[in-house]
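Below you'll find the structure, written out as structure tokens, and then a few comments.
Please treat every number below as a calculation from the coordinates, not as lab data. As the structure is a computational prediction, the values presented were derived from the model and not from experiment. Ideal geometry is used to build each Cβ from the backbone, glycine not excepted, and the neighbour counts take in all protein chains shown.
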Amino acid sequence: MIFSVIMSDHNKLSWMSGACNRILIWTVAVAALLAVFDYAPVSYLVNNAHAETGIGKDVFKVVVSVFGANKEIGDILALVTVNDNSKAKLFDLHSMSTVNASTTQNDNVIEFVAAFPKIVVNTGDSYRSCVITPNTMHQYCEEGSNSPAKRPEFVDISLDKVKKSDAAKIKSEDVS
């Protein structure tokens, strides 16, 4: 009788121990799966965020919109540089003969698309967009860095804004 009670308690403990082991194993397995699937997408996004490879349709592009362009300013040179590679385009505003598929000229706005095929541009790589007016040699520049988004970068440059050097000249002329 005592032996059967001890055996009964032992069977209960053995069954409880087995149930706890199964629950523990199941919990660890689910936690491991959650950790793997929770970490994998983040890791995938971080490791694959090199933006543009320069191969096929995966080309780094910068769309430069120049505001305030008119015939009085004269010619305009638009220039974009990334990773020691440059693309430039000269716009003759007097004849407006430079309009093609990659440029538009409407309402004193010129748009220039600089594409860099076969050049790897990683997320965070900096680029510089400049517009130079050869008549006055004024330079208007904007700097940016490549975002992880698979889209062109956009830069707006206004020729109407007063440059710091010009503002200093105006201020010194007012004083004298």
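The gain in end-to-end length when the Asn70 to His138 segment is fully stretched comes to 23.0 nm, 0.36 nm per residue minus the alpha carbon separation. Paramagnetic label reach from Phe154 (point 7 Å along Cα→Cβ; backbone nitrogen cut-off under 13 Å): within the stretch 67-81, no residues. Judged by the mean number of other Cβ atoms found within 10 Å, the most tightly packed of the peptides 113-119, 125-131 leads the ranking 125-131, 113-119. For Lys118 and Ser145, what is the calculated FRET efficiency with R₀ set at 22 Å and r taken between the beta-carbons, to the nearest 0.05? Given R0 = 22 Å and the Cβ-Cβ separation, E is 0.60. With a simple spin-label model that places each label point 7 Å from the Cα along the Cα-to-Cβ direction, the separation between Val109 and Arg22 comes to 6.8 nm.
The Lys57 and Asn83 beta-carbon pair, evaluated with R₀ = 25 Å, returns a calculated FRET efficiency of approximately 0.80.
Estimated translational diffusion coefficient (Stokes-Einstein, Kirkwood radius over Cα pairs, 20 °C, 1.002 mPa s) of the stretch 60-160: 155 µm² per second.
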